[in-house]
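The values are calculated or read from the model by the stated rules, or taken from the named source; none is laboratory data. Here the structure is a predicted model, which is why all the values come from computation and not from measurement. Backbone-built Cβ (ideal geometry, glycine too); neighbour counts: all protein chains shown.
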Amino acid sequence: MSKPCYIVGHHIISSLGDGAENFYAAKNNITGIHKVTDKSLSQEPFYGALFGDALRSKLIAKSAAYTLLENGIVHCIESALNQYPKHKEKRGVLVFTSTKGNIDLLNNDNTGNIPVNRANLAIMAEAINAHFGFSNPPVVISNACISGVSALLTAQKLLASQAFDFAVVAGGDLVSKFVVSGFQSLMAISETPCKPYDKSRSGMTPGEGCAAAILTRELPKGNKTAIRIIGGGQTNDANHISGPSRTGEGLVKAVSKALAKAGCAARDIDFINAHGTATVFNDEMEAIAFNRLGLSTTPLNSLKGYYGHTFAAAGLIETIISAEFLKQGIALKTLGLEEPGISKPLNLTMENKEVDSPKRVLKTISGFGGTNAAIILETVES
C-alpha cells in the first residue's frame, strides 16, 4: 500500500460558486452550464460553464498584479491553507497544474499590464509560489485533461520521499477563445448542455474552474472522517492525439495500477466518479474499460453536467467532490443522463443516492494523447 497521504484542506471555485457552494449546488442538481453569447469567445453561441459575474468581479478586484486565473488559484490556495494552520511551521511545496494557463496574454489585443512571459506555465507558477513565500521551487504538471489527478499523484510521491511535510496542489483553467475554437474545430462541443453516457449525447461542454488541495503525511486530528489517498496509477496508451483507445486499454492499466498500490480489489470500491465527458468515444471507452475491470455493477457517475469540463481543474474538483461523497454519503446523479447509450452496462446514478458509510471511491480521468489516470480515496478514523 502507498505511504500515508491525507487531504487536510481544499477549496473550489467554479460556475457553481465559491467553496462549499459547489457541493451543495450539485447536491440540489443545479447546473452551472448556460448558453454563452460572448463574441469575444465565439462568434456563435455555445453552451459553457463560466464563472458567474459576482465571482468574476470578486477575482478581478482581488489584485491587479495577477490575472483572473492567477487570482482564482491564489484565492483557492489561501482558503485551503486556512484549514491547515500548521503549514507555517512545516516544509511545503506547491504542485501547480494547468493546461492553458494565461494563454490569453498572447492575444494580439492584449493591453494589460501583466508581463506576457506569464503565459509560460513555469513563470506563472513561480509568481504564485512567490506570493505565498514558499521556499521550495514549484513543480509544474501539465498533462492534458488528467493534469489535476496527475498533480495529486505527483504530490503524493513528493511527500513519500519525506522531503516535504505538506504539498499544495493547485491550478485551474478558464474558457478562452483559444479553447472554444479548438474544440469547435474538432466538432466536440455539444449543441446542448452535455449529457454524459446518454444515448443522445453529442459532445462536451467547456467549463471554468480553479481548485486547491492540501496534502500531508500526518493524519489530521479532530475530524470525524479523514480522507486518505491510498493508491493511484497513470498510463499513456498513445492511441491518438485526441481520441481514446477503443479497447480502454490505457484506463484498464491505470486503474489496475491504482488498485494494486491501494492493496484492494475491484469489489472493494464503493463508488466511481468517472471522466464522463459526454463525447461518444470517451463514454464508450470507459464503459468497455470498467466492464473489463469487473466494475460494471459498481455505482458510477459523471460530474460534467454540473461543472462542464474544467480541463486541468477537473481532476482536482472531481477528486474533492469525491472526498465529500465519502464524508457525507451522498452519490450525486449524473446530470443530463436520461437514457443510457453505451454498448456495455454500467451502474449509472440516475438520481441522488444516499450510501451508508462508504469506505472507498475511485476517481478516473482520461485526456488527449492517450493519457489516463486513476486515484483511490479511503475514509479513516482520525
**Request:** Write out, first by first residue and then by second, each pair whose Cβ atoms fall under 8 Å of each other, whose residues are 6+ apart or on separate chains, and whose first residue, in segment 118-143, is assigned by TED's automatic domain parsing to the domain that holds residue 96 while the second is among the charged types (D, E, K, R) and buried (at least 22 other Cβ atoms within 10 Å of the Cβ).
**Result:** 118/70; 124/70; 127/70; 128/70
**Request:** Consider only pairs whose beta carbons are under 7 Å apart and that are at least six residues apart or on different chains; among these, list those whose first residue lies in segment 226-248 and is in a strand (DSSP E or B) and whose second residue is among the basic types (Lys, Arg) and crowded, with 17+ Cβ neighbours inside 10 Å.
**Result:** 231/261; 232/261; 233/257; 233/261; 235/253
**Message:** If I filter segment 44-98 down to residues being of a type in the set (Ser, Thr, Tyr) and surrounded by fewer than 24 Cβ atoms within 10 Å (Cβ to Cβ), which single residue comes out as nearest to the chain's Cα centre (by Cα)?
**Reply:** 79
**Request:** Look through 55, 41 and report the one residue that is under 23 Å from residue 306 (Cα atoms), assigned to a helix (DSSP H, G or I) and either of a type in the set (A, V, I, L, M) or out of contact with any Gly (no Cβ under 9 Å at 6 or more places or on another chain) (or both).
**Result:** 55
**Prompt:** Out of curiosity, is residue 165 in the same structural domain as residue 337 (by TED's automatic domain parsing) and in contact with a helix residue (DSSP H, G or I) (Cβ under 9 Å, 6 or more places away or on another chain)?
**Reply:** no
**Prompt:** Can residue 30 be described as farther than 30 Å from residue 221 by Cβ, outside any helix (DSSP H, G or I) and among the aliphatic types (A, V, I, L, M)?
**Reply:** yes
**Item:** Flag for residue 300 being touching a residue at least 24 places away in the same chain (Cβ under 8 Å), in contact with a strand residue (DSSP E or B) (Cβ under 9 Å, 6 or more places away or on another chain) and in a strand (DSSP E or B)
**Value:** yes
**Request:** Could you tell me whether any residue of segment 286-294 is crowded, with 24+ Cβ neighbours inside 10 Å, farther than 23 Å from residue 47 by Cβ and modelled with pLDDT of 95 or more?
**Result:** yes
